[in-house]
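Just below is one structure, and these are the notes that go with it.
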Amino acid sequence: MKKLLFTLAITLGLALGGVVLTTSNVLACGGKDKDATTEHPTTGGGDGSTQS
């Protein structure tokens, strides 16, 4: 019985954690999906110059 309750508690915790992460991503992006917007495309991080 304890093993069943432990398993249910872990499952519920993971489910709630996923909901919190999804909600925080949506709220941080102003209600839009983070991967769906192309307003600010990311660059490669470099300025295109080479160091010699």
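The values are calculated or read from the model by the stated rules, or taken from the named source; none is laboratory data. Everything numeric in this text was worked out from a predicted model, so none of it was measured. With ideal geometry, Cβ positions are generated from the backbone for all residues, glycine too; neighbour counts draw on all protein chains shown. Ligands, DNA and RNA are stripped out before the accessible areas are found, and what is left, the full protein with its side chains, is counted by its heavy atoms. Shrake-Rupley method; radii C 1.70, N 1.55, O 1.52, S 1.80 Å.
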If you take the residues in the range 1-30 that are in a loop (DSSP other than H, G, I, E, B) and loosely packed, with under 10 Cβ neighbours inside 10 Å, which one is modelled with the lowest pLDDT? G30
Would you be able to say whether some residue in the range 31-47 is of a type in the set (S, T, N, Q), open to solvent by less than 100 Å² (accessible area, probe 1.4 Å) and at pLDDT 70 or above? no
